[in-house]
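One structure is given here, and the rest of the page talks about it.
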Amino acid sequence: MSIHAERIEALRGLMKEAGVAAVIIPQADPHLGEYLAPHWQARRWFSGFSGSAGDLVVTLSEALLWTDSRYFLQAADQLNGTGVVLMKDGLAETPSIAGYLCSALKAGDKVGVDGMLFSAPALQDLSDMLAKKGIAIDCHFDVIDRLWSDRPALPDGKIFVHDEKYAGRSAREKMADVLAHAAAEGAQAVFMSALDEIAWTLNIRCDDVRHTPVATSYLYLSEETKVLFISAAKLTDQTVAYLAAQGVATRPYGDVASFLSALPDATRVLIDPAHTSGAVVDILGSRSVNVAVSPAAVMKSVKNETQLDGVRHAMVRDGAALVKAFMELEKRMATGERTTEIDVDTLLRKHRSAQDLFFDESFDTIAGYGPHGAIVHYSATPESSSDLAPEGLLLVDSGAQYLDGTTDITRTIALGTPTADEKRDFTLVMKGHIALASTVFPAGTRGAQLDAIARQFLWKNGLSYLHGTGHGVGHFLSVHEGPHSIRLNNVEAPLLPGSITSNEPGVYREGVHGIRCENLVLCHRVMETEFGTFLGFETLTLFPFDRTLFDLSIMTPEEIAWVDRYHATVRERLTPALDTEEERRWLEERTQPL
C-alpha cells in the first residue's frame, strides 16, 4: 500500500468514528486563493497530486480526484498506485462531485467538510444538491491535524511595504475608495479574505505563498475601525508603524472569528461571498451585504499609470534576461553539453535574478520538451526531467516577480529543423494569438465573447485546447488574478482599460508535442465613435517568437506584418538593455522580417 493509500485509510477510520460517509478535501485555504501555503496542502498530502487545482473525495470504499484539463496527464501519472481514481472535470461523461455523491451515497448519509475551505455559494449549492437525496452536510469535519502529525506551521515570514513609488497610490487612498464603494452598496464596513486584495489595499507584501508575494491575514475596514488580522511573528516595528500611519491596527490572526461575532447586529459588512468562506459568512449572518465582485478586486485589476510604467520597464529587463538565457541554452546545445528541462529553469532564474528589482519567479517554470510539452502544467522533477536533443519542440512557460511588475511568457522553440507538422501546428496557434492581439471590441465586452477569436484557426482544422485563453495578471502580485478572464465559459466581469491579461492559445498532441504562444497584453481605449467606446490590446511582453516555426504559406500578409512589427518593437526596446555586441547580434538575427 502506498503512503497515500495509508493516509486515506487512516482518514476512513476517523470518518467511521464521526458517522461520515464521505469527505471532500478541496485544494483550498480559508482565503480561497489559487495558490496555497504548505500548511494548507492537505489534498496534496492525502493524494500525492501536486497540481494547483483539484478536489479529493473519499468515501468508505472509494477515493476520487477531480481536476481540470491542464492536469489530466500529470494527475494520471501522480495518482498511479495511490488507489485514487482520476475524474476528468469538464468532460461530458464526468459527473460533478455533488452528482457523484448523490449516486454513491444513500438517504441519511452525511458528507464531512471543513466550512473554512469552501465559499458560501459553493457550500449552499452542494447542500441543495445533496438535500434532494436526503444527504446532509457536516461543515465542522476538520480532522487534518489528527492525521498530519508533521503538518507545516502557518507561515511566519515578515511583511514589508510595497513602496508607493511602485504602487502608485497610498493605502489610505485605496481604503477610502473601497469604503466609498461599500457605502454605495449600503454597507458601513468591508471584510476581505483574499490575500492579494489585502496586499494590494495596504501596499504590503510577503512570501507566505510560493512565488506569490502575499501575507496570511484578514482585513476589516470601516470609517472608525481598520484592523489587519495577522500573526505578530510577521510584524516588525517598522511595519507596525507603517500600518498605524495608515490608520490600521493589528490583531492576532486567530481573533477574526471572535471579532466578527462581536460586531453590532446593525453593522452591514460588504463581502464577496465567492471569496469568503462559508464559516465566516455564517458568523456574519444578517450583517453581510453581498456583492458579485469585490470592489478591491476590480480596482486592483485596473493598473494606474505608475504601475503601467513599472510593468513596461519590467518587461524590458525580463526580455533582456530571456535573451541571455536562451543564448546560453543555444550554446550548450551547440556544443553538445548535456542539458535537461531542469537546466532550462536554472538558466532562466540565473539571468532574471541578476536584473534590477527582481524578487522571485512568478510561478514554477514549465519547461516541457517533446511529449512533456503536451502536459499543460508540467513541472520537471529529477525523476522526470528529459535531456534536450537537437530535434523536436521545447515549450517554456515562465515569469518573474519584480518590484515594479509581474511577467508571464510562453515561447515554443524548435531545437532542430522543424517538421512541416510542427510548423503548421505552431502557425495555427500564432494565427489565433495575432487575431486576439489585433482585435477591437466595444467597452463592456466579456472574455467569453473574445475567446473564439483565438481558437478559430485551430477549430477549422479540427484542433482545440481545453484551458482558458487569457487570465488577469497582478502587479507584483498573483500571476493569475481576476475578476476578468478570456475563456469559453462566461465570466461576467468585462475587460476594463488598464487591466492586464495573458494571450495564450495552444495545441497539445499527447505523446508528441505541446505548443503555446503567450504574451501579456494591456486593455486600452482605441477610439470613441457614435456607437460608443472601443477597446483593444497593447502587447507588453518583449521577446521574439521562433521565426523558424512559421509556415508562411498559411499566413496572410496582415499576419506576417504583425509579426514583423512586433519583432521590430522587441528589437528597438531590448537592444539598449543588452550588455554585449554578441547579445545584440543574437536579437537582431531573431527579429528579422519573416
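The values are calculated or read from the model by the stated rules, or taken from the named source; none is laboratory data. In this text, all values refer to a predicted model and were calculated from it rather than measured experimentally. Cβ atoms come from the backbone with ideal geometry, glycine included; neighbour counts cover every protein chain shown. The protein model used for the area step is the full one, side chains on, heavy atoms only, and it has no ligands, DNA or RNA in it. Shrake-Rupley method; radii C 1.70, N 1.55, O 1.52, S 1.80 Å.
A few comments on the model shown:
- Annotation note: of Ala63, Ala75, the sole residue that is at pLDDT 95 or above, closer than 25 Å to Glu383 by Cβ and not acidic (Asp, Glu) is Ala63.
- Selection status of Leu73, out of contact with any Pro (no Cβ under 8 Å at 6 or more places or on another chain) and in a strand (DSSP E or B): no
Here is a yes/no grid of residues against (1) among the hydrophobic types (A, V, I, L, M, F, W, C); (2) touching a Gly at 6+ places or on another chain (Cβ under 9 Å); (3) under 30 Å from Pro264 (Cα atoms):
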{"site": "Ser286", "(1), (2), (3)": "no, no, yes"}
{"site": "Pro295", "(1), (2), (3)": "no, no, yes"}
{"site": "Asp309", "(1), (2), (3)": "no, yes, no"}
{"site": "Arg312", "(1), (2), (3)": "no, yes, no"}
{"site": "Met315", "(1), (2), (3)": "yes, yes, no"}
{"site": "Ala321", "(1), (2), (3)": "yes, no, no"}
{"site": "Ala325", "(1), (2), (3)": "yes, no, no"}
{"site": "Arg332", "(1), (2), (3)": "no, no, no"}
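- When the residues of region 288-323 are filtered to those that are open to solvent by 20 Å² or more (accessible area, probe 1.4 Å) and among the basic types (Lys, Arg), the one that is farthest from Ala493 (Cα to Cα) is Arg317.
- Filter pass, Leu270 being in contact (Cβ under 8 Å) with a residue 12 or more places away in the chain and either part of a helix (DSSP H, G or I) or on the phi > 0 side of the Ramachandran plot (or both): no
- Selection within region 529-581: residues that are of a type in the set (Val, Ile, Thr) and under 23 Å from Lys303 (Cβ atoms). The member of this set that is most open to solvent (accessible area, probe 1.4 Å) is Thr569.
To keep it simple, each residue is scored yes or no on (1) in contact (Cβ under 8 Å) with a residue 40 or more places away in the chain; (2) part of a loop (DSSP other than H, G, I, E, B); (3) on the phi < 0 side of the Ramachandran plot; (4) crowded, with 21+ Cβ neighbours inside 10 Å.
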{"position": "Thr346", "(1), (2), (3), (4)": "no, no, yes, no"}
{"position": "Arg349", "(1), (2), (3), (4)": "no, no, yes, no"}
{"position": "Gly368", "(1), (2), (3), (4)": "yes, no, yes, yes"}
{"position": "Tyr378", "(1), (2), (3), (4)": "yes, yes, yes, yes"}
{"position": "Pro382", "(1), (2), (3), (4)": "yes, yes, yes, no"}
{"position": "Thr412", "(1), (2), (3), (4)": "yes, no, yes, yes"}
{"position": "Leu428", "(1), (2), (3), (4)": "yes, no, yes, yes"}
{"position": "Gly444", "(1), (2), (3), (4)": "yes, yes, no, no"}
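- Residues of region 48-59 satisfying the condition of being buried (at least 20 other Cβ atoms within 10 Å of the Cβ) and either modelled with pLDDT under 95 or in a loop (DSSP other than H, G, I, E, B) (or both): Gly48, Phe49, Gly51, Gly54
- Answer residue from region 163-178, given it is open to solvent by less than 10 Å² (accessible area, probe 1.4 Å) and of a type in the set (A, V, I, L, M) and is nearest to Val298 (Cα to Cα) among those: Val178
- When every residue of region 100-112 is checked against the conditions, none turns out to be outside any strand (DSSP E or B) and within 27 Å of the chain's Cα centre (by Cα).
- Yes/no for Phe191 being touching a residue at least 60 places away in the same chain (Cβ under 8 Å), in contact with a strand residue (DSSP E or B) (Cβ under 6 Å, 6 or more places away or on another chain) and of a type in the set (Phe, Trp, Tyr): yes
- In summary, Lys110 fulfils each of the numbered conditions (1) open to solvent by 30 Å² or more (accessible area, probe 1.4 Å); (2) closer than 30 Å to Asp356 by Cβ with the single exception of condition (2).
- Counted residues, region 376-397 - those being in contact with a helix residue (DSSP H, G or I) (Cβ under 6 Å, 6 or more places away or on another chain), closer than 14 Å to Asp343 by Cα and of a type in the set (Ser, Thr, Tyr): 2
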